[in-house]
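*Asks:* Submitted below is the structure of interest, expressed as structure tokens.
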């Protein structure tokens, strides 16, 4: 594994953003529109004087964290799709670049995207709604790390599906996170879910992150038990996603599908 090859792959994707309005919109425009929408809704709900909860803080904090998860997943799966769209996938894997180097570069790309969108959304909610995202303190680090890991796991899983079914499965690269959003306790606690489907939330790492976020806002204390369980479940998902990706990648090589992905 060579760092200069990982750096080259990362720079290749970053250079694409310089003159690509659609790519920049994916990072900035849509999240900003969500800030406007949910921010105005939160201000409206605050008029009802709901006791024991700051609606604006809870909803906007959850929205920012959810967008960080989205960016992490997109950076992995869409980076792979771009290589397919540009007929560059075969060129990469016949070069000295290894699969591990390619995957690490997508993880680093996710970190860059998360950093950018985190800054933009934090500044926006501070200017518009006087909400300081730094109120989470150092607890923001394990929250973001867990979201980054789960987003990467989802991205690997999506790539595996694309390797199996081709670009007919590419819609999952844009929408797979929305399939799990209702069960991830993003804007409401797990207890709000029907009892028969709560077990789905318990096996999804984001539910522990968003429950932990609300715990910080409510009590000001870092819920180590929630973060620990979320991290353990994340590791399981990462290992399963890596196995699934590698299995599908090897099958695609054996069947010659890497040359025919379309």
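*Asks:* Can you tell me which of 151, 166, 175 is in contact with a helix residue (DSSP H, G or I) (Cβ under 7 Å, 6 or more places away or on another chain) and part of a helix (DSSP H, G or I)?
*Replies:* So the residue among 151, 166, 175 that is in contact with a helix residue (DSSP H, G or I) (Cβ under 7 Å, 6 or more places away or on another chain) and part of a helix (DSSP H, G or I) is 151.
*Asks:* For the subset of the stretch 130-144 comprising residues that are assigned to a helix (DSSP H, G or I) and either buried (at least 16 other Cβ atoms within 10 Å of the Cβ) or touching a strand residue (DSSP E or B) at 6+ places or on another chain (Cβ under 7 Å) (or both), which member is modelled with the lowest pLDDT?
*Replies:* Top of the filtered list is 136.
Yes/no per residue for (1) more than 14 Å from residue 5 (Cα to Cα); (2) modelled with pLDDT under 85; (3) surrounded by fewer than 16 Cβ atoms within 10 Å (Cβ to Cβ):
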| position | (1), (2), (3) |
| --- | --- |
| 70 | yes, no, no |
| 73 | yes, no, no |
| 77 | yes, no, no |
| 83 | yes, yes, no |
| 87 | yes, yes, yes |
| 95 | no, yes, yes |
| 100 | no, no, yes |
| 106 | no, yes, no |
| 111 | yes, yes, no |
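*Asks:* Quick one: what pairs do we get from the stretch 213-225, first residue on the phi > 0 side of the Ramachandran plot and assigned to a loop (DSSP other than H, G, I, E, B), second surrounded by 16 or more Cβ atoms within 10 Å (Cβ to Cβ) and modelled with pLDDT of 75 or more, C-beta under 7 Å, 6+ apart or different chains?
*Replies:* none
*Asks:* Another question about this same structure. Being at pLDDT 85 or above, surrounded by fewer than 17 Cβ atoms within 10 Å (Cβ to Cβ) and within 13 Å of the chain's Cα centre (by Cα) is the requirement here; does residue 178 meet it?
*Replies:* Yes, satisfied.
*Asks:* Looking for something closer than 30 Å to residue 252 by Cα, surrounded by 14 or more Cβ atoms within 10 Å (Cβ to Cβ) and in contact with a helix residue (DSSP H, G or I) (Cβ under 7 Å, 6 or more places away or on another chain) - is there at least one such residue anywhere in the stretch 181-203?
*Replies:* Scanning the stretch 181-203, I find no residue that is closer than 30 Å to residue 252 by Cα, surrounded by 14 or more Cβ atoms within 10 Å (Cβ to Cβ) and in contact with a helix residue (DSSP H, G or I) (Cβ under 7 Å, 6 or more places away or on another chain), so the answer is no.
*Asks:* Filter the stretch 241-250 for residues that are more than 17 Å from the chain's Cα centre (by Cα) and farther than 21 Å from residue 91 by Cβ; which is surrounded by the most Cβ atoms within 10 Å (Cβ to Cβ)?
*Replies:* Going through the qualifying residues, I end up with 244.
*Asks:* Test residue 122 against the stated conditions and say whether it is more than 16 Å from the chain's Cα centre (by Cα), touching a residue at least 12 places away in the same chain (Cβ under 8 Å) and part of a helix (DSSP H, G or I).
*Replies:* In short, yes.
The values are calculated or read from the model by the stated rules, or taken from the named source; none is laboratory data. Being a predicted model, the structure only gives us computed values, none of them experimental. Glycine gets a Cβ as well: all are built from the backbone with ideal geometry, and neighbour counts include every protein chain shown.
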